[in-house]
Amino acid sequence: MDYEQFFADKVAALKGEGRYRVFADLERAAGSFPLAKNHREPGETEVTVWCSNDYLGMGQNRIVLEAMHEALDKSGAGAGGTRNISGTNHYHVLLESELADLHQMEAGLIFTSGYVANLTTLSTIGAMLPDCVIVSDSLNHNSMIAGIRHSRAEKKIFAHNDLDDLRKTLDEIDAGRPIMIAFESVYSMDGDIAPIKEILDIADEYNALTFIDEVHAVGLYGENGAGVAEREGLMDRIDIIQGTLAKGFGVVGGYIAGSAALCDFIRSYGDGFIFSTAIPPAVAAGALASVRYVRAHNELRELHQERAARLKSRLTEEGIPVMPSVSHIVPVLVADPVLCKQASDELLYKHNIYVQPINYPTVPRGTERLRFTPTPLHNDAVMDEMVAALCQVWTQLGLKAAA
């Protein structure tokens, strides 16, 4: 077999479908976000970033950077290996304690990414809980799907946010079998939010564990930034809360929060924790500083929501088809992979505005979109520039206006 030709053909197929992904070569500039340098021919160009998941701009916060510099000077660059081999750095201990307190749980456990946190936790529970069935929302993130698949536990899928279908799915499971219901709070492509209370009510009826992914909500919702479950006063009813340190908190890493027994179980049995080098001390220190800062500054969350609402309003006024969203996500429907990429390219190369096209398999075919994520640092001036540019591109490409 010609292996190289196989690889090349598969990439060519993506290009033929119009969904080949091209990464913009960006250089973030601390203190200047949402501005960044785009390295491209014939040279560097300053662009405005409109699709970062650094939702609050904490990746350039002075307090976070100072904490990372201090930890780097004190503890060096790396963690030295896995925590089982090299020991737990004290910054890890402090960060896990802070995250447990944030979610009002007994314990926390940090991972190298939110993806690894989902993969490890779901696969470990599913594999080791005898005769377990995992019931998963149909739009759950790839990391959750991978964890469930890797567990080899029986899985059942219920229609997205559909409580009737969830109940119907649970009714198909033999009484007495262990059940875990896995879902997200904020779904990051559509911007909708799960009916958390109703899911928890149903879980109680069926004696099911609950696993919620709050990756796109931690830092952004609730009085302390613990997520949608905090905002709705439901954290004490959830068994496992999973979150990230890379989005609302602006650094990198993932975590779970839950009972002491649950976190110790994952720590002791989870391959993705046991065999992964720990996050560096400087990263843990920066994340710790960020969590503490974000908890104490609710005005960041208020401004973040205002910016998202403002952008939705401005785009709607101009007839740009904003998809329904009750969160900070602002998805704009294009409904064609080729045109979606063209729109993104026009914005980048003609207007110096960066927003990545979102195509299949991230979203279903026919729902291709541009996904905007305004932050507290996107002021009215840059918002007006972007809206004007998007309107030009929309007209130029003959894209459909809002109905």
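The values are calculated or read from the model by the stated rules, or taken from the named source; none is laboratory data. Model, not experiment: these values are computed from the prediction. Virtual Cβ from ideal backbone geometry, glycine too; neighbours counted across all protein chains shown. Please note that ligands, DNA and RNA were not included when accessible areas were found on the heavy atoms of the full protein model with its side chains. Shrake-Rupley method; radii C 1.70, N 1.55, O 1.52, S 1.80 Å.
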Query - Looking only at the stretch 299-334, and only at residues there that are touching a Pro at 6+ places or on another chain (Cβ under 8 Å) and more than 17 Å from ALA217 (Cβ to Cβ), the one that is most open to solvent (accessible area, probe 1.4 Å) - result: ARG310
Report task. Can you work out which of the residues in the stretch 1-38 that are acidic (Asp, Glu) and over 23 Å from GLU346 (Cβ atoms) is most open to solvent (accessible area, probe 1.4 Å)? Result -> GLU4
Report task. Determine whether the stretch 67-75 contains at least one residue that is hydrophobic (A, V, I, L, M, F, W, C), modelled with pLDDT under 95 and open to solvent by 40 Å² or more (accessible area, probe 1.4 Å). Result -> no
Requested in this report: May I ask you to list the residues in the stretch 42-53 that are under 17 Å from MET386 (Cβ atoms) and in a loop (DSSP other than H, G, I, E, B)?
Outcome: TRP50, CYS51, SER52
Report summary line: Scanning the stretch 367-381 for residues that are part of a loop (DSSP other than H, G, I, E, B) and open to solvent by 50 Å² or more (accessible area, probe 1.4 Å), the one nearest to CYS391 (Cα to Cα) turns out to be ASN379
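Please state which one of SER290, SER259 is of a type in the set (Gly, Ala, Ser), open to solvent by 10 Å² or more (accessible area, probe 1.4 Å) and at pLDDT 95 or above. Explain how you work it out, then say what you get.
Values: SER290 fails: open to solvent by 10 Å² or more (accessible area, probe 1.4 Å).
Result of the check over SER290, SER259: SER259.
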Query - Hits in the stretch 127-155 (condition: open to solvent by 50 Å² or more (accessible area, probe 1.4 Å) and among the β-branched types (Val, Ile, Thr)) - result: ILE145
Query raised in the report: Which of the residues belonging to the stretch 44-65 are over 19 Å from GLY219 (Cβ atoms), at pLDDT 95 or above and among the acidic types (Asp, Glu)?
Result: GLU46
Query raised in the report: Which ones in the stretch 349-389 are more than 19 Å from THR316 (Cβ to Cβ) and of a type in the set (Phe, Trp, Tyr)?
Result: TYR349, TYR354, TYR360
Report summary line: Flagged in the stretch 124-145 as under 14 Å from LEU170 (Cβ atoms) and of a type in the set (Val, Ile, Thr), in numbering order, are VAL133, ILE134, VAL135
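Yes or no, residue by residue, for (1) surrounded by 20 or more Cβ atoms within 10 Å (Cβ to Cβ); (2) assigned to a loop (DSSP other than H, G, I, E, B); (3) not aliphatic (A, V, I, L, M):
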{"residue": "ILE199", "(1), (2), (3)": "yes, no, no"}
{"residue": "ASP204", "(1), (2), (3)": "no, no, yes"}
{"residue": "VAL215", "(1), (2), (3)": "yes, yes, no"}
{"residue": "GLN242", "(1), (2), (3)": "yes, no, yes"}
{"residue": "ILE266", "(1), (2), (3)": "yes, no, no"}
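Restricting to the stretch 227-285, count the residues that are polar (S, T, N, Q) and within 26 Å of THR373 (Cα to Cα).
Residues meeting the conditions: 2.
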Query raised in the report: Which of the residues that make up the stretch 1-19 are free of Cβ contacts under 8 Å to residues at least 12 places away in the same chain and assigned to a loop (DSSP other than H, G, I, E, B)?
Result: MET1, ASP2
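Residue by residue, here is whether (1) within 23 Å of TYR360 (Cα to Cα); (2) in contact with a Phe, Trp or Tyr (Cβ under 9 Å, 6 or more places away or on another chain); (3) of a type in the set (S, T, N, Q) holds:
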{"residue": "LEU139", "(1), (2), (3)": "yes, yes, no"}
{"residue": "ARG152", "(1), (2), (3)": "no, no, no"}
{"residue": "ASN161", "(1), (2), (3)": "yes, yes, yes"}
{"residue": "THR169", "(1), (2), (3)": "no, yes, yes"}
{"residue": "ILE179", "(1), (2), (3)": "no, yes, no"}
{"residue": "VAL186", "(1), (2), (3)": "yes, yes, no"}
{"residue": "ASP190", "(1), (2), (3)": "yes, no, no"}
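Let's see how each residue does on (1) touching a residue at least 24 places away in the same chain (Cβ under 8 Å); (2) among the aliphatic types (A, V, I, L, M); (3) farther than 24 Å from MET128 by Cβ; (4) touching a Leu at 6+ places or on another chain (Cβ under 8 Å):
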{"residue": "ASP239", "(1), (2), (3), (4)": "yes, no, no, yes"}
{"residue": "THR244", "(1), (2), (3), (4)": "yes, no, yes, no"}
{"residue": "GLY250", "(1), (2), (3), (4)": "yes, no, yes, yes"}
{"residue": "GLY258", "(1), (2), (3), (4)": "yes, no, no, no"}
{"residue": "CYS263", "(1), (2), (3), (4)": "yes, no, no, yes"}
Report summary line: Heads up, the helices (runs of 4 or more DSSP H) in the stretch 268-366 (entirely inside) with at least 1 residues that are within 30 Å of GLY43 (Cβ to Cβ), in contact (Cβ under 8 Å) with a residue 60 or more places away in the chain and in contact with a helix residue (DSSP H, G or I) (Cβ under 8 Å, 6 or more places away or on another chain) are 337-351
Requested in this report: Output the residues belonging to the stretch 171-197 that are in contact (Cβ under 8 Å) with a residue 12 or more places away in the chain and open to solvent by 60 Å² or more (accessible area, probe 1.4 Å).
Outcome: GLU172, LYS197
